[in-house]
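Encoded as structure tokens, the structure appears first; notes follow it.
Bear in mind that the values in this text are calculations on the coordinates, not laboratory data. All figures in this text were calculated on a predicted structure; none of them were measured in a lab. Note: ideal-geometry Cβ built from the backbone for every residue, glycine included; neighbour counts use all protein chains shown.
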Amino acid sequence: MTAFLPQNDPARSERSLGLDLARVAYRYDYTHVSPLAMADHVPINDQFSLEWAISVAERVKIGIANLAELDLDPARRRFHLAKLTLVESLLERAQANVVALRQVITEALRFEPLLAAPPSHAQSLDDYGALFRKIGLPPIARDFQQDAVFAAMRVAGPNPVMIKRMTAPDERLAVTDADLAAVAPTDSLAAAIAEGRLYLADYAVLDGIELGDFPHGQKYVYAPLAMFVVEKSSKQLLPVAIQCRQKPAADNPIFTCCDGKNWLIAKTIVEIADGNVHEAMTHLGKTHLLMEPFVVATHRQLAARHPLFLLLAPHFEGTLSINDAAWKYLIANNGVVDKLLAGSIRATRELAAAAVQARFEEAQLPKALAARGVDDADCLPCYPYRDDAILYWNAIQKWVVEYLATYYAGDADVQGDDELQAWFAELHSSDGGRINGLGRSPTIATRADLAATLTTIIYTCSVQHAAVNFPQFDLMSYVPNMPLAGYSPAPTAKKGGTDADYRAMLPPLDMAELQLNLAFLLGGIHYTTLGAYRPNHFDDPRVLGPLGRFQAAIQDIGAAIHERNLARRPYGFLSPAGIPQSINI
């Protein structure tokens, strides 16, 4: 389709009619996840494609086969096998049964009850590993208890956005040089702070949230503080101390690696907090839900012939459908998230909403890294998420800048684009997209500001979502590594913890199986690839040069990541083949 700015389009009336029809199909709803702006329904053009349904169904097959192996009840085993046969049959006749296939996928997102009640608790960690019958046990199961791996989860895990450089002692966390000496014998807190080597993961956002009790009674999540240091000689990030609650108290001690089993329990409390922030805020809120109003506004205000519509549309494919399934099934009352996460479902939705209502500029990767003081690789040498993601940010930014220059000769063209201005104003509006912090006013005046906005959108839809979605299987399906709820209170003394105390904190096996199935499905669907636009999507020959340079840059990034993974604990979540164009799972 030939792209025209509205001020240059000879077919203005046809363009206007198309927008009128789009505004009927795309409307806002503010009740699905109140008060966020979402689509009130999924228009037919945004429903899951056949290709997407097939890729998901192939993954569902493996999950169902794993369930059939696990379920000892003969009737339920037959049920799983019958469902497996149905999926296989639909896949064989997919073209003729696309509606039925989509329905099977939708039903899969309900995640029916699994192991029979009453819930059983693990007698050993082997019980969690035994849940992986047809599904290979992720490598994280071998070494997740190591302190270095616990630290690596903060910079290369599902939620690699929490650590922040400490520039002064924190009065909430009375760590001493003696505590630091357990991991860095010749170091001091003063030196580590002065040299930019001391970091804190602070989960204050969870302080006081309403705890859940569905389906097996009281669950727990705390708001821990976890301190880390970059060891001077090895340059390795290591955990120093953990405090399970925000306020110091006699029954809220500081745990270190010298505290035996309670150190493992404290690390698990951090992982539970990290998992809850990840799922509700970093993943659901700051990618899925943040991008939804951009999808709706783009259809409502940018004609299909608009160059920005052509640029953005591939990055929105499947987003409305997967978000629709999420609020109907995953974050519904008594749904999967209600079962798995530690907070009540109301608290979880409130966390997601709070994440979306943060200022949009916080989603700009360079600003986010600088705000946390983690942008200096000399101070924090090993940060795989930062180092790989920034390569893509720079490549996307260059692609966007060159693409815009093709259509906007200067700022005056931006200011004269009435569709663009309407799009931007609607995203600002309280009866539109409700995006906070999108520029300084409801108008966009410069090509540079437009480039920053578009870069953030494309980066979030592709790279950022990949970074927080795809670790779910590798790092979260094996529940002891990152449980999504605790099932016993935090220890109140430094010493005395036992293996039984540790296992009591972990989820029962039916919840572990549910977490495995969710993580296996969501963490394994790679539909489309960043930069691989469909043939002839851009038919303007002027775009081919910038597009080719963007695609070449992605190849170069892949080679750089491959080289990096030879010299570090492998971090493959941002390899080019694993980054879809859009949030479609």
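The table that follows gives values for the structure above.
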quantity: Farthest toward positive dipole pole in segment 485-546 [+1 Lys/Arg, -1 Asp/Glu at C-beta], among 507, 489, 535; calculated: 489
quantity: Separation in nanometres of the label points that stand 7 Å from Cα toward Cβ, at residue 211 and residue 394; calculated: 4.7
quantity: Within straight-line cross-link reach of residue 328, aspartates and glutamates at Cα separation under 13 Å, skipping those fewer than 8 residues along the same chain; calculated: 40, 107, 338
quantity: Dipole moment magnitude, nearest 20 debye, the chain about Cα centre, only Lys, Arg, Asp, Glu C-beta charged; calculated: 460
quantity: Overall form of segment 348-443 per C-alpha gyration tensor (a/c, 1.5; a/b vs b/c); calculated: oblate
quantity: Over the chain: Kirkwood hydrodynamic radius from C-alpha pairwise inverse distances, Å; calculated: 25.1
quantity: Distribution of pairwise C-alpha distances over segment 138-178, 10 Å bins, in %; calculated: 22, 39, 30, 9
quantity: Fully extended contour minus Cα-Cα distance, from residue 406 to residue 534, at 0.36 nm per residue; calculated: 44.1 nm
quantity: Label-point separation in nm, residue 164 to residue 415, each point 7 Å along Cα→Cβ; calculated: 3.8
quantity: Fully extended contour minus Cα-Cα distance, from residue 148 to residue 75, at 0.36 nm per residue; calculated: 21.8 nm
quantity: Neighbour-count ranking [beta-carbon atoms within 10 angstrom, fewest first] of 69, 419; calculated: 69, 419
quantity: Segment 169-189 versus segment 220-241: alpha-carbon centroid distance in Å; calculated: 11
quantity: Per-pair calculated FRET efficiency, R0 = 41 Å: residue 120 and residue 93 via Cβ, rounded to 0.05; calculated: 0.55
quantity: Calculated [θ] (222 nm, deg cm²/dmol) that DSSP helices of n ≥ 4 give over the chain, each run adding -39,500 (n - 2.57); calculated: -13500 deg cm²/dmol
quantity: Subset of 164/495; 261/339; 286/367; 267/494; 164/367 violating a 23 Å alpha-carbon distance limit; calculated: 164/495; 261/339
quantity: Relative contact order (%) - the chain, alpha-carbon pairs under 8 angstrom, separation at least six; calculated: 22
quantity: For segment 235-341, radius of gyration divided by Kirkwood radius, i.e. Rg to Rh on alpha-carbons; calculated: 1.20
quantity: Convex hull volume per residue for segment 372-501, taking Cα atoms only, in Å³; calculated: 213
quantity: Over segment 431-538: Rg over Rh, Cα atoms, Kirkwood Rh; calculated: 1.19
